[in-house]
Every structure is written in structure tokens, then in C-alpha cells.
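Here the structure comes first, spelled out in C-alpha cells, and everything after it is commentary.
The values are calculated or read from the model by the stated rules, or taken from the named source; none is laboratory data. Only a predicted model underlies this, so the values are computations on that prediction, with no experimental measurement involved. Cβ placement follows ideal geometry from the backbone for every residue including glycine, while neighbour counts extend to all protein chains displayed. Areas reflect the complete protein model, heavy atoms only, side chains present, ligands, DNA and RNA absent. Shrake-Rupley method; radii C 1.70, N 1.55, O 1.52, S 1.80 Å.
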Amino acid sequence: MQETTRYSLTIGGKSVPTQDHFEVRNPSTGAVVGLAPKATPADLDAAVDAAQTAFASWSKTSHDERKALCHAVAQKLSDHAEEIARLITLEQGKPLNGLGSRFEMGGAGAWAHYTADLDIPVKVIQDNNEGRIELHRRPIGVVGSITPWNWPVLIAIWHIIPAIRAGNTVVNKPSPYTPLSTLRMIELMNEVLPAGVVNGIAGEDSIGAAMSAHDGIGKIVFTGSASTGRKVMSSAANTLKRLTLELGGNDAGVVLPDVDPRGIAPGLFWGGFINNGQTCAALKRLYVHDDVYDEVCAALVDFAKTIPMGDGLKDDSQLGPVQNRMQYDKVARLVEAAKQAGGKVLMGGEPQKGSLFYPVTLIGGLDNGNPLVDEEQFGPALPIIRYSDIDEVIVRANDNPNGLGGSVWSKNIDRAREIGAQLQCGTVWINKHGAIQPNAPFGGVKGSGIGVEFGEEGLFENTNVQVMYS
Ligand code: NAD
């Protein structure tokens, strides 16, 4: 029998084994994928020390050197894209194909190359007889990166590349559900980066808590749930850490009466069900005008029936399982509450015993106040809500503590833009939902977070402003 692979931490450019390990399981089959290292607080201290030591020289490298090394990291990822994609599928569950792990690796490469090339220019504020004033952007120090289980590699790239491009060094901690692909990626990064620039640790949630309180870390970039984000913010307060918090969403989509229901069904479906709904900026509440409500529901059901769900390693799977039991139970609980409250199941809605494959579920007849509408389900169940008055539906769409994304669907783009401008969220899409790209800043308002990632604005969050008078 083949021995299960034991993974290690990467600290100061070296592979560091740990005494204890924990099992990482494939959500499609329950089989053990590998044994993840369980870092201790002493391992965290060693990783922060290594990052601090590396910072002394890394922060002094030129922009051109850092650009070249970020491109080299991106090239490493693309050389090993298939290996890491398989690991993502095994531990996360998403399919290799479609909008799955190969797509995730493609995104990781695209983001890394784009961010590598961004400039951090010195801004001249004044240059006259009275003197010269310049605004510089200096690296912060050690950036602690804490990542979730839904897009493990892509989100780690969103944290790590801008941090090191700006001259910081990094300690990353992936989710205990999906640590292996990130640990492997960081091991590969260390084949091209100087020792200690990017360190990878893994372990229990308590290691994340210790990172947010650690006085050797200058900034935390955290992607995960709103409740954990609040804990990170409060434990970061003592050391006044800089923070970027990318938290949960409960994105509303608003469909106007002039749409072509069959034409928009694929966009609506993938807006809601990308990665099985386990995506921060997925469409999580769909408000549809009375005039087209029945047609939109029917078109969505017809489209959804064509999408195969199955083991991610199978070529034709386009959706995989829910990643873990806790999330599965949450989806099942919210759907059950929706049914109890009189929700009309249009498709799915029955949990499968002994498996993490939850069927694609569409439920009508609900409104705000129902938990499936109010809470972030983060799984394959979409409530479809009827409305008749546009001003009133904007109020309903905004009546939520989250504010990540939102969308408006209409043939009248100007009207859709007007309505979109009234949605309280960080990103608005017209006739699509969830599209992101490396040059457009992305972040949440209200309970969905603080700060942005991507583009110049995201890069600059990895810097401190220093103004120089001469
Ligand atoms: P989570 O909050 O449970 O875990 C995220 C990370 O935080 C993990 O690495 C975990 O180990 C760590 N952690 C747990 N307790 C901690 C603590 N006390 N202090 C510090 N770190 C701690 O989130 P999850 O379930 O892995 O991810 C799903 C959530 O992430 C959803 O709400 C989703 O919307 C959100 N998300 C947001 C974005 C975004 O960009 N806004 C992107 C992806 C996911």
C-alpha cells in the first residue's frame, strides 16, 4: 500500500517537518489525501523570525528585481499547474475542468504576472523654490496571510504577490480544510525566491489567532468569514496592525421585467453556482420582477438540469461536493428552514445521506426575513424572490449586513446602471455576476470587509506612506 504523503512547513527557505500532523480528506470520497503539518506557536515564531530576517534585504531590492522574481514565481506555478490543480481537486472537491481547479490555476498565473508588472512610483507633491515634497510608499514588514478553503491557491496568490511585490515578506496560513495545495505552492515559490521571503505554515485555527496578535507581524490580510474577521480585527488592535479584511457576502441580483429569461439563465446560474456557491461574491439572493418571475425560474431550472455534478477528477463534472460537513449542514439547515416557511422547491432540496454532494437547489416563494435569504448560505441553494416595485426591491436588496457585490439584469443598460448605483456593495455588475480581474480593485463595504485587493489600490494597501521634505 502506498504511504500517505506527509507535508512540511516551509520556514526560511527550508522544509520543516512537524511532530504532529492532521488528515486532509477528499470531500468527494472521504479518502485521505495527505497529512498536513500541525504547526506549534514556536513554529509560528520561527516563521515570523525568518520573514523578519529576510525583510532586511528583500525590502532593499529594486522594483525591477522584485518584478522579475514575481514573474519567476508565476512561471513556476504555470510549470506545475497540473500538479497543483489535481491537489486542489483532491482536497477542495471542485472539478478539474469547467470553472474548477485548472481555471483557478489559470487565474493564479494571470494575477501573479499582472501584479508583478505594477509600478509603485514616487509622487512629487511639490517641487519649487520652497522645497521638494515627495510621497513614497514603503513596505510594511512581515505580512500575515490567512486564507479560506474555497479558492485556496488563488486567494493565497492575491495575498502573497502584492505583498512581496511591494517589498514585504510573508507568513501564510491556509485553511485546515485545504492546506496541501498552498503548502506545495509555497514550497515551489521557495525554489526561486530568497529564503524567508514567503513562509508557509499550517495548523489549527488557533495559529491564525496567534498570527493576528503577533507583534512581529505588521499587517494581516485575511479572507474568510465575517465572524472570524471580527476576531482578527479585535486581536490585531493591540499591535495596531494594518488590515485588509475580505469577508463574507450575501450578494443580491435584481432582474428587471425587460430581460430575455432564457438568454440570462446561464449567467444567473453560474453567478450563483460557481464553485457550488462556495464563492464570496456568488449571487446568493435573486430578486425577479413579477412579470418574468415564472419564466426566469423555469429557464434556471432547465439550465441547471444540464450541469453534471460529480467527483472532480471525472472529466465531465462541472460541480463537485460541498467542501466540508459543517458547510453542508449549514446549507441543509437553511433549505429546511426555507421549506418549513413555505418555500417552494423548484429543484433539489433533498440532502443525500452519507455524502457531501448536495443537489443544486432553487427555491421560490421566500422573502427577506427567511434565513436562506438573510444569511450567507455559501453552498448550492439559491432563493428566488418575487418583487413588483423597483424602489422597494432596492431597499430589500440593501437590507443586509453584507455589502460585497450585487448585480442588475436588464436590456436597458442605463437604467440598470442607475439601479446598480443604489446598491450598497463594493462591486456592481450589469448582466453578469462575480466577474473579477487583476486590474480592477475588489472589496466589500459594510460587514463584508475593509480595504480592497487587486490593481494599484490593492497593491498600495501593502505599503506605508512616507512623505519626505527636502
Ligand atoms: P473561516 O473564517 O472559517 O476561516 C478562514 C481562515 O481563518 C482559515 O484559515 C481559518 O483557519 C482561520 N481562522 C479561524 N479562526 C481564526 C481566528 N480566531 N483568528 C484568525 N484566523 C482564524 O472562513 P472559511 O469558512 O474558510 O471561508 C468561507 C468564508 O470566507 C465565507 O464567508 C466567504 O464569503 C468568505 N470569503 C470571502 C472572500 C472575499 O474576498 N470577500 C473570498 C473568499 C471567501
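Report the calculated FRET efficiency for Val301 and Glu3 (r = Cβ-Cβ distance, R0 = 51 Å), to the nearest 0.05.
The calculated FRET efficiency here is 0.65.
Between Val395 and Val32, what is the label-point separation in nm under the 7 Å Cα-to-beta-carbon projection?
Inter-label distance under the simple model: 5.7 nm.
Using a probe radius of 1.4 Å on heavy atoms only, what accessible surface per residue do you get for the chain? Whole Å² is fine.
Ligands and nucleic acids excluded, the result is 40 Å² per residue.
Give me the net charge of Trp429's neighbourhood, meaning all other residues with Cβ under 13 Å from the Cβ of Trp429; Lys, Arg count +1, Asp, Glu -1.
+1
Quick one: what are the phi-derived ³J(HN,Hα) couplings along the range 362-371, Karplus 6.51/-1.76/1.60 with θ = phi - 60°, whole Hz, x for glycine and proline?
Those phi angles translate into 10, 10, x, x, 10, 8, 3, x, 7, x Hz.
In degrees, nearest 10, range 0 to 90: what is the angle between the Cα axis of helix 41-58 and the longest Cα principal axis of the chain?
Roughly 60 degrees between the two axes.
Using only helices, what value at 222 nm comes out for the chain when you add -39,500 (n - 2.57) per DSSP H run of length 4 or more and divide by the total residues, to the nearest 500 deg cm²/dmol?
-11500 deg cm²/dmol
Quick one: of the DSSP bridges fully inside the chain, what percent are antiparallel, nearest 5?
Beta bridges within the chain, antiparallel portion: roughly 40 percent.
When the Kirkwood radius is taken over all Cα pairs of the range 214-308, what Stokes-Einstein diffusion coefficient follows at 25 °C and 0.890 mPa s, in µm²/s?
The calculation lands on 155 µm²/s.
Under 5 Å between amide H atoms, partner at least 5 residues away or on a different chain: which partners does Met347 have, H built in plane at 1.01 Å?
Amide H to amide H, under 5 Å and 5 or more residues apart or across chains, Met347 pairs with Leu362.
How would the chain be classified by its alpha-carbon gyration tensor: rounded, prolate or oblate, with rounded meaning a/c under 1.5 and the a/b versus b/c comparison settling the rest?
The shape class here is oblate.
Gain in length, Gln424 to Asp291, computed as 0.36 nm per residue apart minus the alpha-carbon separation, to one decimal in nm?
45.4 nm
In the range 353-435, what trypsin sites (Lys or Arg not before Pro) fall in a loop by DSSP, with at most 15 other Cβ atoms inside 10 Å?
Those satisfying the criteria are Lys353, Lys411, Lys432.
State to the nearest 20 debye the size of the charge dipole of the chain about its Cα centre, where the only charges are +1 on K and R beta carbons and -1 on D and E beta carbons.
Computed about the Cα centre, the dipole is about 620 debye.
In degrees between 0 and 90, to the nearest 10, how far off the longest principal axis of the chain does helix 261-273 point, with axes built from Cα atoms?
That works out to roughly 40 degrees.
With θ taken as phi - 60° and the coefficients 6.51, -1.76 and 1.60, list the Karplus ³J(HN,Hα) couplings across the range 223-235 in order, rounded to whole Hz; mark glycine and proline as x.
Whole-Hz 3J(HN,Hα) from phi for the range 223-235: 10, x, 6, 5, 5, 5, x, 5, 5, 4, 4, 6, 7.
Could I have the simple spin-label model distance between Asn439 and Glu350, label points 7 Å from Cα toward Cβ, reported in nm to one decimal?
5.0
Relative to the longest principal axis of the C-alpha atoms of the chain, give the angle of the C-alpha long axis of helix 293-304, reported between 0 and 90° and rounded to the nearest 10°.
60
Net charge around Met309, counting only other residues with Cβ within less than 14 Å of its Cβ (Lys, Arg = +1; Asp, Glu = -1)?
Value of the local net charge: -1.
In sequence order, what are the phi-derived ³J(HN,Hα) couplings for the range 411-416 according to the Karplus relation 6.51 cos²θ - 1.76 cosθ + 1.60 with θ = phi - 60°, rounded to whole Hz, with x for glycine and proline?
So the Karplus estimates, Gly and Pro as x, are 7, 8, 5, 4, 5, 4 Hz.
Counting other Cβ atoms within 10 Å of each Cβ, which GluC sites (Glu not before Pro) in the range 153-228 have at most 15 and sit in a DSSP loop?
Taking the range 153-228 and a limit of 15 other Cβ atoms within 10 Å, the loop GluC sites (Glu not before Pro) found are Glu191, Glu204.
Roughly how many nanometres apart are two label points built 7 Å out from the Cα toward the Cβ at Glu83 and Asn412?
That separation, rounded to one decimal, is 5.6 nm.
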